[in-house]
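K.L.:
The structure that follows is given in the form of C-alpha cells.
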Amino acid sequence: MSDSTPDIIYTKVDEAPELASASLLPIIQKFAAAAGVSVGTRDISLAGRIIATFPEVLTEDQRQSDDLAALGELVKKPEANVIKLPNISASEPQLVAAVKELQSQGYALPDYPYSPSTDEEKAVRAKYDTIKGSAVNPVLREGNSDRRAAAAVKKFAQNNPHRMGEWTADSKTRVASMPGDDFFANEVSATLPKAATAKIVLETAGGETVLKEGVSYPEGTVVDATFMSAAVLDDFVAQEIEKVKADGTLFSLHMKATMMKVSDPIIFGHAVKAWLAPVFEKYGDEMKALGVNPNAGMGDLLNRVKDNAEIMAAIEAVRAERPPMYMVDSDKGITNLHVPSDVIIDASMPALIRAGGKGWGPDGKEHDTTCVIPDNCYAPVYDEAIEFFKANGKLNPATAGTVQNLGLMAQKAEEYGSHPTTFEIPEDGTVKMVLDDGTVLHSHAVKAGDIWRSASARKAPIEDWVNLAIERQKATGYRAIFWLDATRAHDAELIAYVKPILEAKGVADKFEIMAPREATRASLETITKGENTIAITGNVLRDYLTDLFPILELATSAKMLSIVKLMNGGGLFETGAGGSAPKHVQQLQAENHLRWDSLGEFCALGESFKFLADARDNAKARVLGDAVETATQGILDNDRSPSRKVGEPDNRDSHYWFARYWAEALAAQGEDAELAAHFAPIAKALADGETAITGELAAAQGSAADLGGYYHGDAAKTASVMRPSATLNAIIG
C-alpha cells in the first residue's frame, strides 16, 4: 500500500463484486479526477489477506502489505472515506481452497493444518484462523450502521413489484429450535462499573486451564457469557429429523458458519453427525483416520470416504431412511449439509419466506420445509414472520412500506466480536470469567463438547447507537422500535442504557421497546399497511433484518443504502450483500455473462462523494454525488440493470449506461460550468458510441471466460474479460 491515502478508498474484494470493479472502477476514477478527487484501492480480499499474513514464506515480488490493518487504523480518523464492497467471510473449506489456488500459482504457503500437533503447525493454524469468518467487518466497523432502501430503489420496487410465492394457512413450513439449554437460555450479562481486564478459565477435577487471558474492557462495557449444551443439541437434532420425516417436509439447517466462525461450524458438525449417526457409530474411528471432520460438511466427508465401499454403502443406506433434504443445487446433489458456508441464515431464510415457505428438494421441486435454527436468540424472528404470512398471505411489494435499520455494531459489539472468546469445552467443569481484582463476573457449569462464548458491547458505541436512532426518527417521523427483549440478560443491560438517554432527550414517547418476536409482527403489520418503521437493533439482528426486509420489499438486499457513520468523524459506505456472488462467478466463467447488479455500489458512491464534499469543502464532489443519484435513477427508470440470462445485457452493459447517464447529468447541471464543459464531450461520445459499445459488449458473451483464478485472478485477464468494448475503453481510458 502506498504511503499517500486517496480521497476515497474503494476496497478490493472477491468474487462477483470484484469482477464488477474491474469494469466500474476505471469509470469512477475518470469521473472523480475531474473534481480533483483521487480514488484508490486497498486489498481486503481473502487471497490478499492470506498473502499479507505469510510474508516470511513468499518472494519479494509476491509479498503485499496488510491493507486490512492499515484500513483499521484509517477508520479511526476523521478523514476516512471508504467504500466497502462485500468480501468473503471464509469458512474453512473456502480458506483451504484459496490456499490451494495460491499454492498452484507459485505461492509457497503452508498447508492448512486441520489437526495441528507440533508447535509449528499450531502457529500456522493460529495465523490462518485470524483470516476465517468475519475477520474484516469488526476491524472496519468503527461506527454504527444506518441501512435503508434508497428512495429511488424503493419507488422502483413499488412500481415494478417482484414475484412473491403464495402463502397458505395450511403450510407445513415451520421453524424448529432447541427446547432450552441453548445460548439464549444460558445467557448472563453484566455492565462493568469500572475498566477491567478479565481471564476466562476452565476449572476441572484435574485443575485449572486458562482459555483466554488479557481481555480488557473499558468502564461501562456490557459483558455477556453463555453456552449451548452439546447433549441437548444432539437430542434436539435427532428428534427433529424424525419429526420432519413424519411431517413430510424438507429438512434444512440454517446457520451463520461464515460470520460465527467458531460456534456455528461446530453446531453444523453436530447436525452432520446426527444425520449420519449410524455411520459414525459404526465407522467413526475409520472415518477419523481418513481425516473426516463433520464440521467441514458432508461434501468433504464424502470426498474422504469415497474409496471405501463399505462406508459409502452405509451412508447410502442411512440416506434412504432419512427425510428429503433442502438442496443448494438439486441437479448436482449438493445438500443443505454439504458445505457449512453454502446455507447462510440471513440469505436462506428470507428467500424461503419470500417463496411462500418453499425450499428446493432433491427432486428439483419446491416443498414445505422445516427450518432448523437451534438457538432461540433470533429464531423467533423467522418463526413469527412465517406465522404472520400463513395467517395474512404474502406481502404486496407494490404497496408495502419499508423497514429501515439502525444497528449497534461499532467496536466489535455483540456476537460478531466473540470469536476469540468462544470455546468448545474439552472436559466437564466450570467456566469462569474472572476480573483482575478476583471478582468472578460469570460462571457456568459445562460438559465436554459444550460451546461456551462471551461477547461484549462498549459504552460509547451503545450511546452513539441510541443517539443515531434519535436523529433518524426525528428526520423521518417513522415508527421507531428498539428490538430488545427485557427477559434476555444482554438486552436487559442495553435497555438500562436506552431508557435514560431517551428520557434525558425528552423523546421516550417517540420509541417503543419490544422483544424480537413482537417487533417482527409489529413491523410486518406496519409495512403491510403501507407505513414505515425503523428497526433499532443489535449487531446480529442488524445483519439478519437487512436481508429479511429488503428481500421481501425489493427482492434483494444488494440494493440497500448502507452508511456507517464512523465514531471519529469518517465515513464507511457499504454496498450490499454478496451471498449470491459465487453463482455469479460460475456463470461468468462458463458463459461470460455477469449478472451481478452494481446498484449498491452506485448508491454508496453517491453518498461517498457527498460526504467528501462536506468533509473537504469540495463543491465539485457534491455535484458529482448529485449526478450519481440522477444516473442511478436513470438505470432504474430505463431498466438498465443486468439480466440473468446469457446473451442479454449484463453487469458491463449497466456500467456503460451508468457512465452515460452520469456524464449526461453532469453536462446538463448548472452548478459548475467547468464540470459541465468537461463532461459534455464525454456524454456525446458515450451516446454516439451506443451501437458500437453495446455490440462489443454483446459479442463478448457466450463462451467460457478465463480469469486466471477464482480467489486470486490475473488482473490482466480479468480486465480483458470485464472491459471488452474497445470503443468504451477509448472514451474512459
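K.L.:
How large is the accessible surface of residue 56 in square angstrom, using a 1.4 angstrom probe and rounding to the nearest 10?
P.N.:
110
K.L.:
Taking only DSSP H segments of four or more residues, each worth -39500 (n - 2.57), what value at 222 nm results for the chain once the sum is divided by all its residues, to the nearest 500 deg cm²/dmol?
P.N.:
-14000 deg cm²/dmol
K.L.:
Around residue 14, which amide H atoms from residues at least 5 apart in sequence, or from another chain, sit under 5 Å from its own amide H, with H modelled in the peptide plane?
P.N.:
It is 88, by chain and number.
K.L.:
How many percent of DSSP beta bridges within the chain run antiparallel, rounded to 5?
P.N.:
Approximately 60 percent, going by the DSSP bridge assignments.
K.L.:
Among the aspartates and glutamates, which have Cα under 16 Å from the Cα of residue 684 when same-chain residues fewer than 8 positions away are ignored?
P.N.:
The qualifying aspartates and glutamates are 664.
K.L.:
Long-range amide H contacts for residue 292: which residues qualify at under 5 Å (H placed 1.01 Å from N, peptide plane, sequence gap of 5 or more or a different chain)?
P.N.:
Answer set, sorted by chain and number: none.
K.L.:
Excluding ligands, DNA and RNA, what is the solvent-accessible area per residue of the range 350-419 at a probe of 1.4 Å, expressed in Å²?
P.N.:
It amounts to 28 Å² per residue over the range 350-419.
K.L.:
Convex hull over the Cα atoms of the range 523-578, averaged projected area in nm²?
P.N.:
Working: hull surface 18.1 nm².
Averaged projected hull area, Cα only: 4.5 nm².
K.L.:
Residue 646 to residue 213: extension gain in nm, 0.36 nm per residue of separation minus the Cα-Cα distance?
P.N.:
That works out to 150.4 nm of additional length.
K.L.:
Still on this structure, I have one more. Pull up the cross-link candidates among the aspartates and glutamates for residue 412, meaning alpha carbon to alpha carbon under 15 Å and not fewer than 8 places away within one chain.
P.N.:
The reachable aspartates and glutamates, counting only those whose Cα sits under 15 Å from residue 412, are 73, 142, 224, 463, 464, 543.
K.L.:
Once you compute Rg and the Kirkwood Rh from C-alpha atoms, what is the Rg to Rh ratio for the range 630-733?
P.N.:
Taking Rg over the Kirkwood Rh, I get 1.02.
K.L.:
Find the accessible area per residue for the range 204-298; the probe is 1.4 Å, ligands and nucleic acids are left out, and the unit is Å². Mind showing how you got there, number by number?
P.N.:
On the way: 3610 Å² over 95 residues.
I get 38 Å² per residue for this part.
K.L.:
State, as an integer percentage, the relative contact order of the chain based on alpha-carbon contacts under 8 Å between residues 6 or more apart.
P.N.:
19
K.L.:
Label-point separation (nm) for residue 471 and residue 204, each offset 7 Å from Cα along Cα-to-Cβ?
P.N.:
Result: 5.0 nm between the two label points.
K.L.:
Please compute the contact order of the range 9-137 in relative form: average sequence separation of alpha-carbon pairs under 8 Å and at least six residues apart, divided by the residue count, as a percent.
P.N.:
Relative contact order for the range 9-137 comes out at 29 percent.
K.L.:
To continue, here is another question. Roughly how many percent of the accessible protein surface of the chain is carbon and sulfur, given a 1.4 Å probe and a whole-percent answer?
P.N.:
C and S atoms contribute 49 percent here.
K.L.:
Using a cut-off of 14 Å between beta-carbons, work out the net charge of the residues near residue 632 (Lys and Arg +1, Asp and Glu -1, residue 632 not included).
P.N.:
-2
K.L.:
Beyond a 27 Å Cα-Cα separation, which of these cross-linked pairs lie in this structure: 127/583; 84/127; 30/717?
P.N.:
Beyond 27 Å: 127/583.
K.L.:
Quick check: the distance between the Cα centres of the range 667-721 and the range 343-365, to the nearest angstrom?
P.N.:
When both Cα centres are located, 36 Å separates them.
K.L.:
Something else now. What percentage of all Cα-Cα pairs in the range 441-571 are separated by more than 18 Å?
P.N.:
Pairs farther apart than 18 Å: 61 percent.
K.L.:
Can I ask one more? Given Cα pairs under 8 Å that are at least 6 residues apart, what percent is the relative contact order of the range 353-414?
P.N.:
Normalised by residue count, the contact order of the range 353-414 is 24 percent.
K.L.:
Something else about it: I'd like to compare 34-46, 275-287, 111-123: which one has the highest average count of other Cβ atoms within 10 Å, and what's the full order after that?
P.N.:
34-46, 275-287, 111-123
K.L.:
Mind sorting out which of [x] 279; [y] 205; [z] 163 is the real volume of the Cα convex hull per residue in Å³ computed from the coordinates?
P.N.:
Among [x] 279; [y] 205; [z] 163, the one derived from this structure is [z].
K.L.:
Taking 56 Å as R0, compute the FRET efficiency from the Cβ-Cβ separation of residue 583 and residue 437 and round it to 0.05.
P.N.:
Computed FRET efficiency for residue 583 and residue 437 comes out at 0.60.
K.L.:
Please report the Cα spread of the range 631-686 along all three principal axes, rounded to whole Å, starting with the longest.
P.N.:
41, 20, 11 Å, listed from the longest principal axis down.
K.L.:
Given the convex hull over the Cα atoms of the range 506-626, what projected area results after averaging over all orientations, in nm²?
P.N.:
If you wrap the Cα atoms of the range 506-626 in a convex hull and average its projections, you get 11.2 nm².
K.L.:
Please compute one quarter of the surface area of the Cα convex hull for the range 1-151 and express it in square nanometres.
P.N.:
Value for the range 1-151: 11.2 nm².
K.L.:
A further question on this structure: Can I get the semi-axes of the range 240-312's equivalent ellipsoid? Compute them from the C-alpha gyration tensor as square roots of 5 times the eigenvalues, in angstrom, largest first.
P.N.:
Three semi-axes, in Å: 22, 18, 10.
The values are calculated or read from the model by the stated rules, or taken from the named source; none is laboratory data. Note that the structure is a prediction, hence the values are computed from the model and not measured. Positions of Cβ are backbone-derived with ideal geometry, glycine not excepted, and every protein chain shown enters the neighbour counts. Remember, those area values only see protein heavy atoms, side chains included, never the ligands or the DNA or RNA. Shrake-Rupley method; radii C 1.70, N 1.55, O 1.52, S 1.80 Å.
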